[in-house]
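Report on the following structure.
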Amino acid sequence: MSNYEEFMEEKQVIDEMVKQNYVIKNINGTLEGDVVEFEKLGKTASRKSIRLTNPDSRKYVTTILIKGQS
Amino acid sequence: MADISINFAGIKSPNPYWLASAPPTNTGYQVQRAFEAGWGGAVWKTLGEPILNVTSRFGAHHFNGQRVAGFNNIELISDRPLEVNLKEIYETKKMYPNHVIIASLMVEPKREKWHEIVKKVQDVGVDGIELNLGCPHGMSERGMGSAIGQHPDLVEMTTMYAKEAAEVPVITKLTPNITDIRATAKAAVRGGADAVSMINTINSLVGVDLDTWNPVPNVNGQGAHGGYCGPAVKPIALNMVGDCARNPEINIPISGIGGISTWQDTVEFMLMGAGGVQICTAAMHHGFRIIEDLTEGLSNYLDEKGIDSLSDIIGASVEKYTDWSDLDLNHKVVARINNDICINCNKCHIACEDTSHQCIDILTDENGNDYLKVREDDCVGCNLCSIVCPVDGAIDMIDLTPTEPPMSWNNRQSAIQMLQNADS
C-alpha cells in the first residue's frame, strides 16, 4: 500500500469519528505511532482510541485538534 | 548605479570585499596590488611573534573535475618581524587612504601582550583590529588561536584586553571548531567586541597519497591537521552567520567569511546578516582580478532589483531563518517532470526508487516511448530528484495550494499539551 493510500485509510477513520461527534481527548506519541483518544459526550457517551501510523494522518489529526481549539 | 560601499562597525569601505587574513595579505606589495585591482579592504596576515613555517603547506580537495572545491593549509601566522609589517601597513595606508586595513593579531592571552600589540598597530593607522582566535593548527598547540576561541570565557577575556587598549573597532574572529558558535559570539559581545567575523578554517586532513601513504600536504613524509576553507565550507559558514544574526544577544555586525567565491555568495551572506565579506581561497585560486566580477556582478544585481544601496539587503533573509520546530508541517511541495525537456536519463527515478520515497514511475506512452511521471500524492517534496537531475528545467518543485492552515511542530506540541492539561 502506498503512503498516500495508507493516509487516506487513516484519514477516513478520523473523519468518521468526527462525523459521529467524537472529540479528541488525548494524543500520545509512542514508538508505534500516535494513540488518539476520542470521547463522545451525551446520552451515548463513550471513549474510543485509534492508533495512527501514517505521518500525514498524524499531521492531519493535530490540524483538526488545533482548528477545534481556536 | 547602486552604492556598494559599506560602513562596517564604523569602518567605511568602498565595497564589501576585504581580503581575509591569510597568505594574500602577507606583505605591503600584495595588499597594494589588491587595492589597485579594486579590493575594498585587507585584513593583514596575522601579526604576532614571528613564527617558523614548514614546507609544504597547502592541500586541495578536487572533486569530480572541479579544482579546489576545498582548500587546506598548515601555514602559520606572519613569519616576518612586526616592525617590517608595521612599516608596510603605514606605507600602504598612506598610499590608499580610502581603503581599509585591518590588523589581524594573535598573541598569548595576557593583558600586557595584547595592550602592547594593539597600541603598536594602532600607531601606524589601521582602521580596525581583528583578533585571530580561530586558527586551528600549529598556534593552537601553543595556547593561541582556536585554543582561545574554543573557550567562551577566554574569548570574552581576550576581547576585553584588546578593547582596553583599542581606539579603533575590534573585530573578534571566531572558530567554527566548536559545538555552537553562538556561545563564543555572545562571549565576544560580553567582552565588548565591536563586531565578529566568522568563520575561521575548519580542522581537516585533506587526503592521503595512495602511492606513498603520506598525509596531504606532507612535511618529510608526515602531516598534521590543517585548516579547511574554500567553496566546500560555504554552507557551514552561512549557517553560522545566520544563526548568529538571528540571535538577539549577538547584536553587533558580522563579517562573513567561508568559501565566498562569487558575487552571488556575497549576496547570500549579506542577506543572512553579514555586513561585509572576507575572501581568501577564491583569490588564491584565481588572483586578485576576480574583484572585477565580484563588484560588477553585485552592482548589476542591485540595479536589476531596483535597490539603491547594498546596506538595504543586509539581514533581509534573517527572519526567514528559523528553528526547524517553527516550520510549517502542512506546507506541501511536489515534484513535476517536464517531459518535453526531460532527456529520460532516469537519474530521478533511480534516486527516488533507491534512496527516497519511490514515487517516480517509468511509464510507456501510446507510441511505445518511455516517460517519467511523479505520483504527486506519494511525493514528499524532498527535492532529491531535482537535485540529481542534470537538465535545467526538467523538474520543477511546485508549492501546492494549502488545504490546511499552517501548523508547526511547536504549534502541534502546544495543542497536545493544552489537551492533556484539560484532560488531567
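What shape does the stretch B:117-217 have by the C-alpha gyration tensor, where a ≥ b ≥ c are the square roots of the eigenvalues, rounded means a/c under 1.5, and otherwise prolate means a/b greater than b/c and oblate the rest? Cα axes put the stretch B:117-217 in the prolate bin. Within the listed set B:GLY65, B:GLY149, B:GLY227, the Gaussian network model of chain B (springs between alpha-carbon atoms below 10 Å) gives the highest mean-square fluctuation for B:GLY65.
Would you calculate a helix-derived [θ] at 222 nm for the protein assembly as shown, using -39,500 (n - 2.57) for each DSSP H run of n ≥ 4 and dividing by the full residue count, to the nearest 500?
On the way: 15 runs with 169 residues, N = 494.
Result for the protein assembly as shown, helices only: -10500 deg cm²/dmol.
Computed about its Cα centre, the charge dipole of chain B is approximately 1660 debye, with only Lys, Arg, Asp and Glu carrying charge at their Cβ. Our coupling estimate for the stretch B:275-290, obtained by passing each phi through the Karplus curve with A = 6.51, B = -1.76, C = 1.60 and θ = phi - 60°, is x, x, 10, 10, 10, 9, 4, 4, 5, 5, 7, 10, x, 5, 5, 4 Hz, Gly and Pro reported as x. A simple spin-label model places the labels of B:ASN7 and B:ALA183 3.6 nm from each other, with each point 7 Å out along Cα-to-Cβ. Working note: Cα atoms of chain B, range along each principal axis, descending, whole Å: 80, 64, 49.
Please compute the alpha carbon radius of gyration of the stretch B:265-347, then divide it by the globular-protein estimate 2.2 N^0.38 Å. Two decimals is fine. Working shown, then result.
Values: Rg = 18.6 Å, N = 83, 2.2 N^0.38 = 11.8 Å.
Against the compact-globule rule of thumb, the ratio is 1.58.
Just need the relative contact order of the stretch B:95-223 here, percent rounded to a whole number, with Cα pairs under 8 Å and 6+ apart.
Numbers: 239 pairs, mean separation 27.9, N = 129.
Relative contact order of the stretch B:95-223: 22 percent.
Cut-off 10 angstrom, C-alpha nodes, Gaussian network model of chain B. Which of B:ALA162, B:ALA42, B:ALA183 fluctuates the most? For chain B, modelled as a Gaussian network with Cα springs under 10 Å, the answer is B:ALA183. Give me the Debye-computed log₁₀ of I(q)/I(0) at q = 0.09, 0.11 Å⁻¹ for the protein assembly as shown, equal point scatterers on Cα only, no solvent, two decimals. The computed values of log10 I(q)/I(0) come out as -0.78, -0.99.
Under 8 Å for C-alpha pairs, at least 6 residues apart: give me the relative contact order for the stretch B:6-318, rounded to a whole percent. Could you put the intermediate results ahead of the total?
Working: 728 pairs, mean separation 56.1, N = 313.
Reported as a whole number, the value is 18 percent.
From the square roots a ≥ b ≥ c of the eigenvalues of the alpha-carbon gyration tensor of the stretch B:138-294, which class results: rounded (a/c under 1.5), prolate (a/b over b/c), or oblate? Because a/c hits 1.5 or more and a/b fails to exceed b/c, the stretch B:138-294 counts as oblate. Under a model in which nothing but the beta-carbon of Lys, Arg (+1) and Asp, Glu (-1) is charged, the protein assembly as shown shows a dipole of about 1400 debye around its Cα centre.
Compute the semi-axes of the equivalent ellipsoid of chain A, taking the square root of 5 times each eigenvalue of the Cα gyration tensor, and list them largest first in whole Å.
Numbers: eigenvalues 85, 31, 28 Å².
Rounded to whole Å, the semi-axes are 21, 12, 12.
Annotation for the stretch B:326-358 versus the stretch B:1-55: alpha-carbon center distance of 44 Å. Close amide-amide hydrogen proximity is noted between B:GLU130 and B:ALA103, B:SER104, B:LEU105, B:ILE171, each under 5 Å apart and 5 or more residues distant or on a separate chain (H modeled in the peptide plane; Pro and chain starts excluded).
Each label point is 7 Å from the Cα along the Cα-to-Cβ direction; what then is the distance between the points at B:ASP323 and B:ASP370, in nm? A separation of 4.7 nm, rounded to one decimal place. In terms of the Cα gyration tensor, with a ≥ b ≥ c the square roots of its eigenvalues, is the stretch B:33-175 rounded because a/c is under 1.5, prolate because a/b exceeds b/c, or oblate? The shape class here is oblate.
Calculation over all alpha carbon pairs of the stretch B:85-133 in 10 angstrom steps from 0 returns a P(r) of 27, 53, 18, 2 percent. Comparing mean-square fluctuations of B:ASN220, B:ASN247, B:ASN330 from a GNM of chain B with C-alpha springs under 10 Å, the top value falls on B:ASN330. Candidates B:HIS151, B:LEU400, B:VAL206 compared by Cα position along the dipole of chain B: farthest toward the positive end lies B:HIS151, with charges placed on Cβ. Near the amide H of B:ILE395, within less than 5 Å, lie the amide hydrogens of B:ASN338, all on another chain or at least 5 residues away, with H placed in the peptide plane. Across all directions, the average flat footprint of the convex hull enclosing the Cα atoms of the stretch B:324-399 is 5.6 nm².
Taking all Cα pairs closer than 8 Å and separated by 6 or more residues, the relative contact order of the stretch A:3-69 comes to 28 percent.
Since every read-out is calculated from the coordinates, none of them should be taken as a lab result. All values derive from a computational prediction rather than experimental measurement. A quick note on method: Cβ atoms are made from the backbone with ideal geometry, for glycine too, and the neighbour counts reach across all protein chains shown.
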